[in-house]
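None of the figures in this text is laboratory data; all of them are computed from the coordinates on show. A quick note: this is a predicted structure, and the numbers were derived from the prediction, not measured. Glycine gets a Cβ as well: all are built from the backbone with ideal geometry, and neighbour counts include every protein chain shown.
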């Protein structure tokens, strides 16, 4: 017998936000007494119970497709003309990868093409942000609901209990969390850091996240070396959840120079951990940060550096950002977002009971 | 402070930046130079082929294995009909070949994925997490404390030629002491707190995993490799792997220095939790001798680390 809800995703991977999101939706639906099944394009090592899309018949009452890149799973949906709930996380424009990773550029291009085809099959769109929702509406999908990504925030530290490590050595630690990728523009952050170093010679920049593509990381290291800041730029790579939480708690400001964010999980994680945020106003960033961070419209090195310098040198501002951040992040607490997701799905999955 | 207008703050920052650009030619020039530096690097390096150590090889293979039969193949002068026929036949033949190739590549990759899945399950059963790099025992034992002054000075004195690598680097005491001897040195540390502590002291402590860093280093890159700290909490299989890797990454006359506490001296709780994690200096000596080193134990006056292993290469390294 087919389950009530099929959750379609290209691949389930450890530490991947969309995979965690899918598992949490599955958990939510099962708690509501619904039968679910995860359908994947490619089985990973730990998901023996999931169904390969090649064996998928598309006969569940509701099929929820996670879409953020071109995939075989989406292609099966299109080929079978199966109506789906489209959970859209946005697709990075191919232009960012064209020269760095042409295969990935093709993949995201394919994702965009599939998005157009999926629009006709979409019963309801669920978008992480209003920014993503607008894209779906522009494609002609009328029924679009905003429900943020589900994830469990790392245990936040109340601002009053946070030690203020800044200015202990006239430096400060600037943190970035996320994939090291051309659309995230860490090169702009290193550029800004080089200027910041003129004001704060002891400052440090920590980049946490895996590189994709690898030659972008190579170029970031070259840039740091060329600008003479390589000894104070830490490429921490992919880290465990425990270490990630430590980085949030040990840093003094989170900086984001990304040009394409459909939501921005690290922004919320930083806010939840009482870390002030300085971000470039692009895509869904301002919507996610709202009035809890410094959002600037110009990310040229001097502007970004001055924004970071201001936060690192103004204790009152930092405290205000911390307080606002912790409060603002509560919007994305799992108890709240689960409820939003349930409201988005309830009438579809419960019909016919 | 609650009425602080952050939009106003942002506007002030942007205005300040514009003013500085106008008034300070040096700043404006710096910004220009930085942007130019990135433009040069991006242009020259974006198409470089860099091996992704963490990448999914099969995914890359799957991407590369797809031939596109629609790629234009050009034409020659000649009769219109013949040209059309030749082009059509060439196209269908090329398409036939590419289809065959794509099917073959697809089947091959599917089989490799099955093998990968099975290996993953075996690794899982053997105690490795999904990424295969972090042993399941990690986190059971607390990280060892920072080395004492005795250990630091003793290890620094034993460091032979450079460059020197310290695994794990901790807060950088050993790195600092070796550096003060004029030897080029860096440490690797996973714990963010310790990485930052080292950086605050302007030491070369790099963030990352000890084993991946060692694997990623060039063969014959180091004159001395110091193993200490975090290595006390690794299981035997990782330590054997570490010895093999360290052996490859050492110069012909390189040296390995191991400063660890004896697991037998652990308190009862730690002994039970850390069962199978870490080995004694005597076993280290044995391992290193088996790997072709001339190893010896040196007494140390520290209360935790009572003996330090010094291993000098005597046999050329061989890839395991």
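Just a few scattered comments:
- To the nearest ten degrees, helix A:301-313 and the longest principal axis of the Cα atoms of chain A are 80 degrees apart.
- Take each residue of peptide A:210-218, count the partner chain Cβ atoms within 10 Å of its Cβ, and average: the result is 5.
- Cβ crowding within 10 Å, taken as a proxy for footprinting-reagent exposure, orders B:101, A:76 from fewest neighbours to most as B:101, A:76.
- For the peptide A:238-246, the mean number of other protein chain Cβ atoms found within 10 angstrom of a residue's Cβ is 4.
- Per-residue Cβ neighbour rank within 10 angstrom, fewest leading, A:67, B:111, A:218, A:89: B:111, A:218, A:89, A:67
- C-alpha center-to-center spacing [the range A:280-353, the range B:251-320] in angstrom: 49 Å
- Relative to the longest principal axis of the Cα atoms of chain A, the long axis of helix A:17-31 lies at roughly 50 degrees.
- Ranked by how many other beta carbons lie within 10 Å on average, peptides A:336-343, A:179-186 from highest: A:179-186, A:336-343
- Residues B:85, A:104, A:275 arranged by fewest to most Cβ contacts within 10 Å: B:85, A:104, A:275
- Span from the the range A:227-257 Cα centroid across to the the range A:51-97 one, whole angstrom: 34 Å
- Normalised radius of gyration (Cα atoms, divided by 2.2 N^0.38 Å) for the protein assembly as shown: 1.06.
- Folded to 0 to 90 degrees: helix A:241-250 orientation relative to chain A principal axis, Cα: 30 degrees
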